[in-house]
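The values are calculated or read from the model by the stated rules, or taken from the named source; none is laboratory data. Given the structure is predicted, the values throughout are model-derived calculations rather than measurements. Note that we place each Cβ from the backbone using ideal geometry, even for glycine, and neighbour counts take in every protein chain shown.
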């Protein structure tokens, strides 16, 4: 049970990696009764890795995309998903 | 009806010809974005464009399809570059063909406004004092919101 985490732009630079696998077994569930892991749980688990992670992941306007679609923090994460985290987009 | 993500410069003449094909309909509008040599008072030597390929393709295809439905487009196309782009080179090209000019022009503007805030690309400017990530612009969000509210530009 794992998901792929992808980081882009300034977030990728700040954390020094662009992609890694995250074991879901190590993530505390958001709601004990339903055993649900959502984007907020993943973000909290990664933020606990140290101040660098905490600061980078808690910047205002951080965008979360689950399987290539922008989602809110309550989106449910499942085995095999791809969760991308990045600053606001500036293309065009 | 298609999207391209590419490292090479956009051949605007060829893109126009391919969009129009053998039947120009009645109205064709296009927009081309180029790399500026400055941002405010800061000189810019080149632009680096990072992107999230799988999501960018999906978002741009959805944007084009939504614009086609909303404005009744006969044809549309979006081309966006990535990589290191020198000053004065193309960044983005959108084209729309419709029965009337209003729909074609609005579709181009709508696709561009949505693309700016929704497509996963990130610009980093290279200048004499080093490189810096471009911050998102509040006015881009406001321009996008107008289309959400159903207003015209």
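Residues of the stretch B:51-105 being within 14 Å of another protein chain (Cβ to nearest Cβ) and at positive phi, which ones?
Selection gives B:83 alone.
Test residue B:44 against the criterion of being over 29 Å from residue A:64 (Cβ atoms) and surrounded by 14 or more Cβ atoms within 10 Å (Cβ to Cβ), and give yes or no.
yes
Within the stretch B:59-81, how many residues turn out to be crowded, with 19+ Cβ neighbours inside 10 Å and within 14 Å of the chain's Cα centre (by Cα)?
Adding up the residues that qualify gives 11.
Starting from residues that are within 16 Å of the chain's Cα centre (by Cα) and touching a residue at least 60 places away in the same chain (Cβ under 8 Å), keep the ones in the stretch B:112-153 and report whichever is nearest to residue B:68 (Cα to Cα).
Once the filter is applied, the top-ranked residue is B:112.
Is it true that some residue in the stretch B:46-58 is under 18 Å from the mean Cα position of the chain (by Cα) and without any contact (Cβ under 8 Å) to a residue 24 or more places away in the chain?
yes
Got a number for residues in the stretch A:1-42 being under 14 Å from residue A:76 (Cβ atoms), at pLDDT 95 or above and touching a helix residue (DSSP H, G or I) at 6+ places or on another chain (Cβ under 7 Å)?
Residues meeting the conditions: 1.
Among the strands (runs of 3 or more DSSP E) confined wholly to the stretch B:1-81, which include 3 or more residues that are in contact with a strand residue (DSSP E or B) (Cβ under 9 Å, 6 or more places away or on another chain) and farther than 21 Å from residue A:8 by Cα?
The qualifying strands (runs of 3 or more DSSP E) are B:27-34, B:75-81.
Return a yes/no flag: does the stretch B:1-22 have any residue that is within 15 Å of the chain's Cα centre (by Cα), within 14 Å of chain A (Cβ to nearest Cβ) and exposed (fewer than 14 other Cβ atoms within 10 Å of the Cβ).
Yes, the stretch B:1-22 contains a residue that is within 15 Å of the chain's Cα centre (by Cα), within 14 Å of chain A (Cβ to nearest Cβ) and exposed (fewer than 14 other Cβ atoms within 10 Å of the Cβ).
Considering the stretch B:87-114 alone, what residues qualify as being assigned to a helix (DSSP H, G or I), under 23 Å from residue B:11 (Cα atoms) and in contact with a strand residue (DSSP E or B) (Cβ under 7 Å, 6 or more places away or on another chain)?
Within the stretch B:87-114, B:104, B:105, B:107, B:108, B:111, B:112 qualify.
So which residues in the stretch B:106-133 are surrounded by fewer than 19 Cβ atoms within 10 Å (Cβ to Cβ) and more than 11 Å from chain A (Cβ to nearest Cβ)?
Passing the criteria: B:126, B:127, B:128, B:129, B:130.
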